[in-house]
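Heads up: the structure comes next, in structure tokens.
The values are calculated or read from the model by the stated rules, or taken from the named source; none is laboratory data. Values in this document were obtained by computation on a predicted structure and should not be read as measured data. With ideal geometry, Cβ positions are generated from the backbone for all residues, glycine too; neighbour counts draw on all protein chains shown.
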Amino acid sequence: MGVIVLGLVLLSLTIWLGLLCFRGQFWRTDQQLEAETLDTTSLESFPVVCAVVPARNEAELLPTTLRSLLLQDYPGYFNVFLVDDRSTDRTANFAEGVAHAIGKPQQLHIISGELLPSGWSGKLWAVEQGINSASKFAPDYFLLTDADIEHDPGNLRRLVAKAVQEDLDMVSVMVRLRCDSFWEKLLIPAFVFFFQKLYPFRWVNNPNNLTAAAAGGSILIRREALERIGGIQVIRQALIDDCALAQAVKQSRGDEGELFNKFLTQCPVPNSQSPIPNQGRIWLGLSTLTRSLRPYDSLATIWDMVARTAYTQLNYSPLLLLGTLVGMPLIYLVPPVCVILGAVWGSWAIALTGLLGWLLMAFAYYPTIRFYKCSPWLAFSLPAIAFLYTLMTLDSALQHWQGRGGAWKGRVYPSSDNL
């Protein structure tokens with residue numbers, strides 16, 4: 001028995017060493033928009049930008065979030081298109097009131113959402129309607145943002161500067177999620193940590209790596225890039241729409257990109273970081289200033305948020321679910337359990353190996369804990385947090401099998417409506 005346990009803890013330790021050394025340094029939090037050396041005053045001209053905000057029953061948050069969007073210190077031409085997705089709380093009236101209160105009524109365009117057609121998710125149908133209306137202004141970029149996001153005054157200016165100076169098709173930031181209550185402090189930083197492990201930001205930002213991801217709270221996308229992939233309708237059924245959009249953009253290739261790919265295939269350049277010209281270049285980072293106001297102040301609300309898309313993330317695959325149910329305990333639970341077992345059995349080899357794995361785990365999680373200004377001791381709680389996330393993933397699969405998966409804002413999307 002001791003030999004089996006020692007083998008498991010050694011395997012867990014090996015996995016952590018591999019993750020830390022070969023997984024794109026996912027555990028670091030250095031990909032931050034505000035930390036970028038961007039000269040936002042050097043642009044010769046400022047592109048035309050139209051923001052599209054899908055809003056369904058968001059009257060409570062709009063006085064703060066919409067105000068922050070309308071008050072962006074962006075020198076260029078900027079309009080906001082808010083799509084009232086058949087709200088029942090007078091969302092449109094509140095939005096109009098906010099615009100008048102700050103003297104920006106001409107900058108805000110309110111669109112009454114049409115009935116949701118078959119084959120579309122509610123959010124993406126609202127975004128589609130907003131983009132169609134905004135296209136009349138021939139914008140250079142669309143800013144796709146959620147109604148619960150409070151934007152820092154310089155957020156748009158930094159996004160545009162990043163996109164223009166580095167010739168990017170898409171720039172997005174994972175906004176700072178609310179982290180006030182006990183459950184938010186315990187579970188929200190881990191949500192960001194797991195997302196970064198799944199989509200290492202350095203890999204996303206490398207034009208030669210196929211990994212693609214985005215954060216839907218704040219996405220700036222070039223109009224030409226959106227048209228190149230066929231518009232929002234190509235991801236109209238996706239629940240994890242931000243990552244689906246990023247994947248479509250990064251994988252898109254024009255004739256110039258195809259020729260460049262063939263050149264690299266025939267004449268490979270060692271360690272080449274040369275991007276495919278003007279095609280499929282994206283960037284994803286964290287934001288320290290722009291933040292989400294969506295509260296997750298109970299275990300139930302966070303559980304529902306994760307369970308809504310966890311099984312979707314696994315492509316509804318029972319095999320991937322099984323791998324998750326086996327892999328998560330192996331990676332996260334084995335080290336602390338072996339510390340206890342080793343101490344009880346008097347096997348210092350097992351105890352010390354488990355402790356080393358636990359320390360590596362805490363070391364990887366600590367930058368995220370520090371980013372969210374939580375207690376450093378929470379870095380050692382990752383095994384318990386991972387156990388909860390594993391249960392959430394299992395519950396996500398159970399909800400899917402019972403026909404209750406993908407519920408959001410009063411709508412339930414069956415698996416046939418997902419990519």
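Looking at this structure, is Arg67 at pLDDT 95 or above, among the charged types (D, E, K, R) and assigned to a loop (DSSP other than H, G, I, E, B)?
no
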Just give me the residues in the range 1-33 being touching a residue at least 12 places away in the same chain (Cβ under 8 Å), closer than 29 Å to Ser172 by Cβ and among the small types (Gly, Ala, Ser), in sequence order. Gly24
Please verify whether the range 211-219 includes one or more residues that are part of a helix (DSSP H, G or I) and either touching a residue at least 40 places away in the same chain (Cβ under 8 Å) or more than 25 Å from Tyr389 (Cβ to Cβ) (or both). no
List the number of the failed condition for Gly327; all other conditions in (1) more than 22 Å from the chain's Cα centre (by Cα); (2) of a type outside the set (A, V, I, L, M, F, W, C); (3) at pLDDT below 95 hold. (3)
Search result, residues across the range 139-158 that are outside any helix (DSSP H, G or I), of a type in the set (A, V, I, L, M) and farther than 9 Å from Thr65 by Cα: Leu143, Leu144
Which listed residue is more than 18 Å from Arg223 (Cα to Cα) and of a type in the set (Val, Ile, Thr), from Val164, Val175: Val175
Select from the range 103-134 the residues that are surrounded by fewer than 18 Cβ atoms within 10 Å (Cβ to Cβ), within 27 Å of Thr312 (Cα to Cα) and of a type in the set (Ser, Thr, Tyr) and list them in ascending order. Ser118
Taking the options Ile282, Ile235, Ile240, Ile302, name whichever one is under 22 Å from Leu187 (Cα atoms), assigned by TED's automatic domain parsing to the domain that holds Arg178 and modelled with pLDDT of 50 or more. Ile240
Please work out which one of (1) surrounded by 20 or more Cβ atoms within 10 Å (Cβ to Cβ); (2) part of a loop (DSSP other than H, G, I, E, B) is the condition Thr41 fails and give its number. (1)
Please pick out the residue among Asn57, Asn79 that is at positive phi, in contact with a helix residue (DSSP H, G or I) (Cβ under 7 Å, 6 or more places away or on another chain) and not small (Gly, Ala, Ser). Asn57
Give the residues of the range 277-310 that are under 23 Å from Leu210 (Cβ atoms) and not in a loop (DSSP other than H, G, I, E, B), sorted by residue number. Ile282, Trp283, Leu284, Gly285, Leu286, Ala310
Among the numbered criteria (1) within 30 Å of Leu382 (Cα to Cα); (2) modelled with pLDDT of 95 or more, which one does Gly217 miss? (2)
Of all residues in the range 287-317, which are more than 22 Å from Leu382 (Cβ to Cβ), touching a residue at least 40 places away in the same chain (Cβ under 8 Å) and more than 20 Å from the chain's Cα centre (by Cα)? none
